[in-house]
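In what follows, a structure is listed as structure tokens, so that the remarks can point back to it.
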Amino acid sequence: MYNFSFKNPTKLIFGKGSISKISQEISKDKKIMLVFGGGSVKKNGVYNQVAEALEAHDYIEFWGVEPNPTYETLMKAVLQAREHQVDFLLAVGGGSVIDGTKFIASAIPYESEPWELVLNDKTIKQVVPLASVLTLPATGSEMNGGAVISKKSTQEKYAFHHPLIYPTFSVLDPESCYSLPKEQIAAGIADTFVHVLEQYLTKTNQSMVMDRFAEGLLLTLIKLAPKLMLNHQNYDDMANFMLTATMGLNGFVGMGVMQDWATHLIGHELTALHGLTHGVSLAVVGPALMQVMRKDKEDKLIQYAERVWNIKGKDKNETIDTAIDCTEKFYRSLGIKTKLSEHGIGEDAVTEIVRRFTERNTILGENQNITPDKVKEILDVCK
Ligand code: NZQ
Ligand code: ZN
């Protein structure tokens, strides 16, 4: 096991009716900015619950943070927040709204060009405190110190991380997710599954307990997925999914182990260039990455096959082939198309992604050996 330090400062407030508790969590002397997406919270009653809870608080509202939140939109919120001297931010929505709020929180006090914060998170020195009311289980943003921001003008998408951007608290009411469209449930399951794989599918014998945590989350998702795809308005199923998604990317399965994240970084480019939904981009890239990197990941792929999919092939190769096949079939069972051609994405995208990684000197993977040439091999398998 590698040395590590671990701290997660986010207070989780979980369960039915929990949104009303936000009034006790935010001091009344704060000037709050509520940050929202495109309006789903107006239709499902979450907005009313938040407004009611904050009746006695002083707040302004910012609407319109889009999926894959853009710098261009978020800068409008930054200017409004500065103008109104906002000193607390509450994100109400999915990962995009929470990530966008993390950017706004970092940009308000920053005196230079805020895009620098995304490109180099070491420039973050102070932030306005933020919290969240989550309406979409997927990203783990409600309990982590990461955010992913896109720039429309250049079709770029990057992640940044900082200990100061963990939400101070996050409210998770499974009933707020009943209104999600099926495709978002599917993308959220795939995203969570890949978060766990990025931290698990590297090499064996690093941490017994992390392996078992990770396998527990993967097995939970496999069990829940068909139920959720049939009916996602069952309280216990949604509660289990919501907690699994949070646990998938809040640092708890990553202690002391190597991490990959290449599927994410390649997926981000597909989203930046073609607008592919985040979870869908991962379902396309993930199985292909396992295929191309199978030698490096051999022992762990076998452990994954045996413990997660209950596979006993006649030899190593058959075991790994079956595990990769099961993974791809799992994504397809969610209704996700796992090939680039099925999304109308052709050779141009592959060429552009390889060009970008070459220009940026990007090398990916837990062993830092996924070069732009390897990325091309991976994308070729995705076709
Ligand atoms: O904008 P509204 O109207 O709210 O609609 C949203 C949006 O259209 C809708 N939605 C959310 N909750 C709903 C709902 N519709 C009905 N009922 C509800 N309860 O769902 C759509 C997608 O929302 P979005 O927030 O974009 O989805 P998600 O949570 O998957 O977030 C994706 C973003 O998070 C980043 C991704 O790259 C992407 O930009 N990620 C952030 C991470 C992090 N911070 O740690 C890690 C992830 O790997 C990921 O990269
Ligand atoms: Zn993700």
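Okay, here's what the table says:
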{"read-out": "Portion, in percent, of the accessible area of the stretch 1-52 that falls on carbon or sulfur, probe 1.4 Å", "value": "46 percent"}
{"read-out": "Contour minus Cα-Cα distance for K339 and A56 (0.36 nm per residue)", "value": "96.8 nm"}
{"read-out": "Listed peptides 318-330, 340-352 by packing density, highest first (mean Cβ within 10 Å)", "value": "318-330, 340-352"}
{"read-out": "Between 0 and 90°, nearest 10: helix 71-83 axis offset from the chain longest Cα axis", "value": "20 degrees"}
{"read-out": "Cβ charges +1 (Lys, Arg) and -1 (Asp, Glu), total dipole of the stretch 282-329, debye", "value": "80 debye"}
{"read-out": "Given charges at beta-carbon only (K, R positive; D, E negative), |dipole| of the chain in Debye", "value": "400 debye"}
{"read-out": "Percent antiparallel among DSSP beta bridges (both partners in the chain, rounded to 5)", "value": "25 percent"}
{"read-out": "Dimensions (Å) - the chain, Cα atoms, principal axes, largest first", "value": "66, 46, 43"}
{"read-out": "Separation of alpha-carbon centers, the stretch 151-168 and the stretch 106-133, rounded to whole Å", "value": "9 Å"}
{"read-out": "Where the Cα pairs of the stretch 311-364 fall when distances are cut into 5 Å bins, in %", "value": "4, 16, 13, 12, 15, 19, 13, 5, 1"}
{"read-out": "Computed P(r) (all Cα pairs; the stretch 261-349; 10 Å bins; percent)", "value": "17, 45, 28, 9, 0"}
{"read-out": "Average accessible surface area per residue within the stretch 118-204, 1.4 Å rolling probe, Å²", "value": "31 Å²"}
{"read-out": "Options F213, A186, L230, ranked by Cα towards positive dipole end of the stretch 185-231, top entry (Cβ charges)", "value": "L230"}
{"read-out": "On Cα atoms only, tilt of 278-292 relative to the major axis of the chain in degrees", "value": "20 degrees"}
{"read-out": "Theoretical gain in end-to-end length, K312 to T123 [0.36 nm per residue, Cα-Cα removed]", "value": "63.1 nm"}
{"read-out": "Cα convex hull of the stretch 50-134, projected area averaged across orientations, nm²", "value": "5.5 nm²"}
{"read-out": "Accessible surface of the stretch 202-317, 1.4 Å probe, proportion on carbon and sulfur as whole %", "value": "55 percent"}
{"read-out": "Dipole of the chain, positive end: most advanced residue of A91, G313, L74 [Cβ charges, Cα centre]", "value": "G313"}
{"read-out": "Per-residue HN-Hα couplings for the stretch 206-212 [Karplus 6.51, -1.76, 1.60; θ = phi - 60°; Hz; x = Gly/Pro]", "value": "9, 7, 4, 6, 5, 4, 5"}
{"read-out": "Cα centroid of the stretch 60-80 to Cα centroid of the stretch 226-286, whole Å", "value": "24 Å"}
{"read-out": "Distance between modelled label sites at N369 and S179, nm, 7 Å Cα→Cβ extension", "value": "5.0 nm"}
{"read-out": "Residues of the stretch 362-383 with amide N under 13 Å of a point placed 7 Å along Cα→Cβ from H274", "value": "379-383"}
{"read-out": "W115 accessible area, 1.4 Å probe, all protein chains in place, Å² to nearest 10", "value": "20 Å²"}
{"read-out": "Net charge dipole size for the stretch 224-305 [Lys, Arg +1 and Asp, Glu -1 on Cβ; Debye, nearest 20]", "value": "120 debye"}
{"read-out": "Span per principal axis, largest first, for the Cα atoms of the stretch 153-211 (Å)", "value": "41, 33, 28"}
{"read-out": "Cα long-axis angle, helix 298-308 against the chain (0 to 90 degrees, to the nearest 10)", "value": "70 degrees"}
{"read-out": "Largest-first ordering by accessible area, 1.4 Å probe, given options R332, R360", "value": "R332, R360"}
{"read-out": "Segment D325-K152, length gained on full extension (0.36 nm per residue, minus Cα span)", "value": "58.8 nm"}
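The values are calculated or read from the model by the stated rules, or taken from the named source; none is laboratory data. In this text the structure is predicted, and so the values were computed from the model without any measurement. Quick reminder, even Gly has a Cβ in these numbers, built from the backbone with ideal geometry, and neighbours come from all protein chains shown. Only protein heavy atoms, including side chains, enter the accessible area calculation; ligands, DNA and RNA are left aside. Shrake-Rupley method; radii C 1.70, N 1.55, O 1.52, S 1.80 Å.
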